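Colleague: Here it is, the structure, as structure tokens.
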Amino acid sequence: MINMSNRQRLTEAAILSSVGVIISILVMYVPFLSLFALFTSIPYIIISARCGIKNSIMSIVISSLILLFTTNPVYALTSFLLFFIPAVFIGYNIYKNKSPIEAVSWGTFAFIITTMIYIKLSKGFFNIDIIEQTINMLNKTLNMQKEVISHFNSLEKNSIEIETIIEYVSTMIPSMLIVIPSIITSFINYFMSLFILKRIKGYKEDLPKFKDFALPGNIILGVILIYLLSMVLKNISWIYYNTIIINTEIVFSIIFLIQGICVYSYFLDKIKIRQGIKNIILVVSILTGPLLFMMSIIGVVDSIVDFRRIRGN
């Protein structure tokens, strides 16, 4: 908890909110900056981490109202639901000195809920069906590929294969559209915010490092239980068994990969190489298929062995 008066907290929240609004407006009106939209959460994470829940809620409400009048209702709603609300959850966990997994988990949970609300509101108020648009875009892409390869193989065979691919990828939409972006966005915003907080003058909190991120020790047991439950539910007609299994596998693959990258970072620190070289090695490793797979395996093994000896701390 930061030792500041209420006036100092309010002033700092106002300044950071102004920064957040400016970034959001730039993201809206400067095309190439839209790639950095997820970072609009960071000022509000810092507000929550330094100024508490009351000031953070007030900040996101006022910022959203400003965006409503300076941009458009859709963008203001998007920013409020997808970026500002999850930021409060992540920042408040930092404020309470919670572990990285707790902060990222709460951020992910908030992101999933607000994304689902956003999808419903978009369809109800703006007549924008995000899921249908995603499926249509997928169909167009695959149909274009079908037209190209139909010149080389039998059209009937290709049609069957394309339909199979569409059906398979459609089952992955909950993960691709909601869960995976929620996990990755929360993770990136959490550690980017820590990076900034550590460099703020006068901020003396003992903040966790990237390599300290660890899944709960009972995660493997949880995976086993989920798969067993899925097998039990397999024969229930109204439950989409394949969708549950595929999306569960994707989610666990992502979280074990993230943990594996953190363990990999930990061992790079152990051999005491320069930070710049370490970052280059990390990026190259992530972009290399075999090493990426190896890091996923390391993430699974670390959930059992706890290489870093941090889970009980």
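The values are calculated or read from the model by the stated rules, or taken from the named source; none is laboratory data. Treat the numbers as computed from the prediction; the structure is a model and nothing was measured. FYI the Cβ positions are ideal-geometry reconstructions off the backbone, even for glycines, and counts take in every protein chain you see.
Colleague: Of the residues Ile271, Ile297, which single one is in contact (Cβ under 8 Å) with a residue 24 or more places away in the chain, more than 19 Å from Pro100 (Cα to Cα) and loosely packed, with under 14 Cβ neighbours inside 10 Å?
Modeller: Values: Ile271 fails: in contact (Cβ under 8 Å) with a residue 24 or more places away in the chain.
Only one candidate passes the filter, namely Ile297.
Colleague: Which of the following residues is buried (at least 17 other Cβ atoms within 10 Å of the Cβ) and in a helix (DSSP H, G or I): Ile53, Ile62, Ile45? Give the derivation first.
Modeller: Details: Ile53 fails: buried (at least 17 other Cβ atoms within 10 Å of the Cβ); Ile62 fails: buried (at least 17 other Cβ atoms within 10 Å of the Cβ).
Answer to the check: Ile45.
Colleague: Can Ser182 be described as modelled with pLDDT of 75 or more, touching a Ser or Thr at 6+ places or on another chain (Cβ under 7 Å) and assigned to a helix (DSSP H, G or I)?
Modeller: Numbers: modelled with pLDDT of 75 or more: yes; touching a Ser or Thr at 6+ places or on another chain (Cβ under 7 Å): yes; assigned to a helix (DSSP H, G or I): yes.
Considered against the rule, which asks whether it is modelled with pLDDT of 75 or more, touching a Ser or Thr at 6+ places or on another chain (Cβ under 7 Å) and assigned to a helix (DSSP H, G or I), Ser182 comes out as yes.
Colleague: Does Pro290 fit the bill of being modelled with pLDDT of 80 or more, assigned to a helix (DSSP H, G or I) and out of contact with any strand residue (DSSP E or B) (no Cβ under 6 Å at 6 or more places or on another chain)? Full working, then the answer.
Modeller: Working: modelled with pLDDT of 80 or more: yes; assigned to a helix (DSSP H, G or I): yes; out of contact with any strand residue (DSSP E or B) (no Cβ under 6 Å at 6 or more places or on another chain): yes.
Considered against the rule, which asks whether it is modelled with pLDDT of 80 or more, assigned to a helix (DSSP H, G or I) and out of contact with any strand residue (DSSP E or B) (no Cβ under 6 Å at 6 or more places or on another chain), Pro290 comes out as yes.
Colleague: Restricting attention to the stretch 223-251, report how many residues are at pLDDT 75 or above, of a type outside the set (Val, Ile, Thr) and over 21 Å from the mean Cα position of the chain (by Cα).
Modeller: 4
Colleague: Residue check, Ile23 against (1) more than 17 Å from the chain's Cα centre (by Cα); (2) farther than 30 Å from Cys262 by Cα, all met but one. Which one?
Modeller: (2)
Colleague: Inspect all residues belonging to the stretch 275-284 and state whether any of them is surrounded by fewer than 16 Cβ atoms within 10 Å (Cβ to Cβ), at pLDDT 90 or above and within 26 Å of Pro181 (Cβ to Cβ).
Modeller: For the stretch 275-284, residues surrounded by fewer than 16 Cβ atoms within 10 Å (Cβ to Cβ), at pLDDT 90 or above and within 26 Å of Pro181 (Cβ to Cβ): absent.
Colleague: Just the residues that are within 19 Å of Ser230 (Cα to Cα) and not aliphatic (A, V, I, L, M), please, taken from the stretch 242-263.
Modeller: In the first step, residues of the stretch 242-263 are kept if they are within 19 Å of Ser230 (Cα to Cα); the result is 242-253.
Those that are within 19 Å of Ser230 (Cα to Cα) and not aliphatic (A, V, I, L, M): Asn242, Thr243, Asn247, Thr248, Glu249, Phe252, Ser253.
Colleague: From the list Ser56, Ser64, Ser79, exactly one residue is in contact with a Phe, Trp or Tyr (Cβ under 8 Å, 6 or more places away or on another chain) and in contact (Cβ under 8 Å) with a residue 40 or more places away in the chain. Which is it?
Modeller: Values: Ser64 fails: in contact (Cβ under 8 Å) with a residue 40 or more places away in the chain; Ser79 fails: in contact with a Phe, Trp or Tyr (Cβ under 8 Å, 6 or more places away or on another chain).
Result: Ser56 is the single residue among Ser56, Ser64, Ser79 that is in contact with a Phe, Trp or Tyr (Cβ under 8 Å, 6 or more places away or on another chain) and in contact (Cβ under 8 Å) with a residue 40 or more places away in the chain.
Colleague: So Thr134 ticks every box in (1) touching a Gly at 6+ places or on another chain (Cβ under 8 Å); (2) under 20 Å from Ser175 (Cα atoms) but one. Which box is left unticked?
Modeller: Unmet condition: (1).
Colleague: Any residue in the stretch 18-36 that is of a type in the set (A, V, I, L, M, F, W, C), modelled with pLDDT under 95 and outside any helix (DSSP H, G or I)?
Modeller: Yes, the stretch 18-36 has at least one match.
Colleague: Among the residues of the stretch 90-104, is there at least one that is aromatic (Phe, Trp, Tyr) and touching a helix residue (DSSP H, G or I) at 6+ places or on another chain (Cβ under 6 Å)? Please lay out each step first, then the result.
Modeller: Step one: filter the stretch 90-104 for residues aromatic (Phe, Trp, Tyr), giving 92, 95.
Now narrow it down to the ones that are touching a helix residue (DSSP H, G or I) at 6+ places or on another chain (Cβ under 6 Å): 92, 95.
For the stretch 90-104, residues aromatic (Phe, Trp, Tyr) and touching a helix residue (DSSP H, G or I) at 6+ places or on another chain (Cβ under 6 Å): present.
Colleague: Give the residue, chosen from Leu65, Leu82, that is modelled with pLDDT under 95, hydrophobic (A, V, I, L, M, F, W, C) and in contact with a helix residue (DSSP H, G or I) (Cβ under 8 Å, 6 or more places away or on another chain).
Modeller: Numbers: Leu65 fails: modelled with pLDDT under 95.
Matching residue, one of Leu65, Leu82: Leu82.
Colleague: Does Asp269 fit the bill of being of a type in the set (Asp, Glu) and modelled with pLDDT of 85 or more?
Modeller: It is true that Asp269 is of a type in the set (Asp, Glu) and modelled with pLDDT of 85 or more.
Colleague: Those residues that are over 14 Å from the mean Cα position of the chain (by Cα) and in contact (Cβ under 8 Å) with a residue 12 or more places away in the chain, I need them from the stretch 97-114; list them, please.
Modeller: Our first condition is that a residue be over 14 Å from the mean Cα position of the chain (by Cα); within the stretch 97-114, this holds for 97-99.
Listed by number, the residues that qualify are Asn97, Ser99.
Colleague: Separate question: Of the residues Ile273, Ile304, Ile310, only one is closer than 20 Å to Phe191 by Cα, hydrophobic (A, V, I, L, M, F, W, C) and not assigned by TED's automatic domain parsing to the domain that holds Ile180; which? Let's see the steps before the verdict.
Modeller: Values: Ile273 fails: closer than 20 Å to Phe191 by Cα; Ile304 fails: closer than 20 Å to Phe191 by Cα.
Unique residue meeting the criteria: Ile310.
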